[in-house]
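First the structure, in the form of structure tokens, and then the observations on it.
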Amino acid sequence: MSERDDLNRLVANLTDTQVAQVYGYIQRLLGAGESADAHWTFDFVQEFGQAEIGAQRDRAGMEVLAAEATCDGVAKPALWEHPPLSGAAIVSYAVPIPPQLRTLKLKFFVGIRDGSELPPDRYIAFRVIVNGWKLWSAVKNERAWDEYTVNMPELASDVARIEFQTDGLGDHRWNWAVWGEPRLMGDL
């Protein structure tokens, strides 16, 4: 059996999330060479261990972790950020931004996990705070993923404080909020 056959057999046993990770790795391998140093990425799910977890008020009722999340039947690696009883849940990162980085963008999905019984008249607030300033926000009550790309301010050679916040807006029940595939990307 050839190495290619072995690889095909192994890939057939992977989950959809694992296949997506292998696909990304293969794409990077194929692009290696002259363009290998042209792009920079910070993956917030992979770097979850360095995140600071906090709450706007009290952490009671809050659940925060990094794991696969499914919204409307579609699974993605995600930050789970169920808000506390009152106020916002906060997942904060200190991200060192390389010098000479250009066209910095934050790409992510927001969703509400399958199984949530969030009533149609209640919403969850999602916010991105950069160095103390609210850069982006939205409210949501549907379980499907919504994709966003946010242009970031000039941060080259800085350590950026990037926060992902969710808020139950007065009622935290069934607020199974998730941030899918959050990544900071730029060109060098």
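The values are calculated or read from the model by the stated rules, or taken from the named source; none is laboratory data. Bear in mind the structure is a predicted one, so any value in this text is a computation, not a measurement. No Cβ is skipped: glycine too gets one built from the backbone with ideal geometry, and neighbour counts run over all protein chains shown.
Observations on the model:
- Scanning region 57-95 for residues that are under 18 Å from the mean Cα position of the chain (by Cα) and assigned to a loop (DSSP other than H, G, I, E, B) yields a total of 4.
- Evaluation of Lys134 against (1) assigned to a strand (DSSP E or B); (2) touching a residue at least 12 places away in the same chain (Cβ under 8 Å); (3) of a type outside the set (Phe, Trp, Tyr) (one fails), failing number: (2)
- Count of region 65-81 residues, restricted to those that are surrounded by fewer than 23 Cβ atoms within 10 Å (Cβ to Cβ) and in contact (Cβ under 8 Å) with a residue 60 or more places away in the chain, is 6.
- When Gly115 is tested against (1) farther than 25 Å from Ala160 by Cβ; (2) assigned to a strand (DSSP E or B), exactly one condition is not met: (2).
- Region 1-53, residues that are at pLDDT 65 or above, surrounded by fewer than 10 Cβ atoms within 10 Å (Cβ to Cβ) and part of a helix (DSSP H, G or I): Glu3, Arg4, Asp5, Ala12, Gly49
- Filter result (of a type outside the set (A, V, I, L, M), surrounded by fewer than 22 Cβ atoms within 10 Å (Cβ to Cβ) and either modelled with pLDDT under 95 or not assigned by TED's automatic domain parsing to the domain that holds Phe126 (or both)) within region 83-95: Ser86, Gly87
- The residue of region 122-159 that is surrounded by the fewest Cβ atoms within 10 Å (Cβ to Cβ), among those that are among the acidic types (Asp, Glu) and either in contact with a helix residue (DSSP H, G or I) (Cβ under 7 Å, 6 or more places away or on another chain) or over 24 Å from Thr70 (Cβ atoms) (or both), is Glu154.
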